[in-house]
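The values are calculated or read from the model by the stated rules, or taken from the named source; none is laboratory data. The structure presented is a predicted model; accordingly, all values stated were derived computationally and were not measured. As a convention, Cβ positions derive from the backbone with ideal geometry for all residues, glycine included, and neighbour counts pool all protein chains shown. Protein only, heavy atoms only, side chains kept; ligands, DNA and RNA dropped before computing areas. Shrake-Rupley method; radii C 1.70, N 1.55, O 1.52, S 1.80 Å.
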Amino acid sequence: MNSEPKQARAKGQKWFDFQLFDVPRLEELRAKETAAQEQKSAARKGKEKEEEDEAPDESAGLTRAEELEKAELLRAGFAEWTRKDFNAFVRGCELHGRTSLRRIAEEMEGKNEHEVSKYSSQFWRKHEQIESGDKAVRRIEVGEQRITRRVEIGAALATKVTRHKNSWQALKILYGAQKGKLFSEEEDRFLVCMTHHLGYGQWDQLREEVRKAWLFRFDWFIKTRSVQELQRRVDLLIRLIEKENAEIAEAEAEAARKAKKEAAKKSAAGQKGSQPTAAKRKSDAGAGGSAAKKKR
């Protein structure tokens with residue numbers, strides 16, 4: 001384990017920015033302590049006695065309140081965190097998102113979820129005081145964007161696959177002009193279904209599934225594709241699927257709007273038919289009066 005912070009504390013000279021101490025205030029208090037110690041040392045040697053007498057506040061060291069403040073400031077930092085811990089924390093946030101504290105802790109050695117949670121709450125309040133803090137935050141934000149994109153891709157694949165009763169045999173890709181001449185529709189169907197099954201980004205596993213698939217036992221083209229080639233093909237298929245899903249969703253929304261409009265028209269027509277017009281009401285009233293006169 002990196003002993004960098006322990007060495008610094010032993011010397012009493014430096015706090016590291018990623019440990020999130022209030023360094024300016026601690027340095028101020030330490031400077032006051034050092035000045036007092038130096039003056040006392042000089043006084044014992046019989047030097048600068050007059051200066052010591054003229055500046056009693058400096059030689060007094062820290063007040064009781066300042067001692068308590070210093071102790072609290074030291075407790076508020078993370079003296080046991082090393083540079084390695086900090087880098088692992090940032091990497092964990094990048095891979096899993098800042099709120100996935102348990103999974104971030106799993107990326108780190110010697111840190112549990114509670115310790116990570118405590119550090120995380122302070123990091124997001126004080127990251128600007130870290131020299132590389134802005135860079136770390138940008139890395140985390142880019143990682144979270146990738147996580148969001150994976151979720152979107154997973155949802156798109158689920159929508160496409162569940163649209164078919166037996167997707168492994170019946171799923172079809174609407175290629176348009178982007179089919180290409182290398183991959184067959186059967187190969188593409190397998191790639192889409194297996195990516196949905198494994199999860200997007202599991203490229204090594206996808207390659208292994210392709211190589212051991214009985215369906216491709218004589219298909220040396222796909223069995224010899226690299227991880228990068230499979231990823232590029234899957235990414236193309238996902239773009240086609242997302243376009244198809246968007247078109248279907250828009251068509252369904254348009255159909256729903258039309259159905260709602262037609263239902264509103266029928267409802268209005270029904271209400272209009274059930275209510276007699278003014279002329280009809282007048283005619284009915286006249287007919288009723290005539291019948292009454294004849295009866296008399």
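Points to keep in mind about this one:
- Peptides 152-159, 173-180, 25-32, 82-89 ranked from most to least packed by the mean count of surrounding Cβ atoms within 10 Å: 82-89, 152-159, 25-32, 173-180.
- Protection proxy ranking, peptides 254-261, 206-213, average beta carbon neighbours within 10 Å, highest first: 206-213, 254-261
- Surface accessible to a 1.4 Å probe, residue 146 within the full protein complex, Å²: 110 Å²
- In percent, rounded to a whole number, the relative contact order of the range 85-129 is 30, using alpha-carbon pairs under 8 Å and six or more apart.
- Computed with a 1.4 Å probe on the full set of protein chains, the accessible area for residue 15 sits at about 40 Å².
- Overall Cα dimensions of the range 219-261, principal axis frame, Å, largest first: 55, 18, 7
- Normalised by the number of residues in the range 97-184, the mean separation of alpha-carbon contacts (under 8 Å, six or more apart) gives a relative contact order of 19 percent.
- Spin-label model, residue 269 to residue 72: label points 7 Å out along the Cα-to-beta-carbon direction sit 7.7 nm apart.
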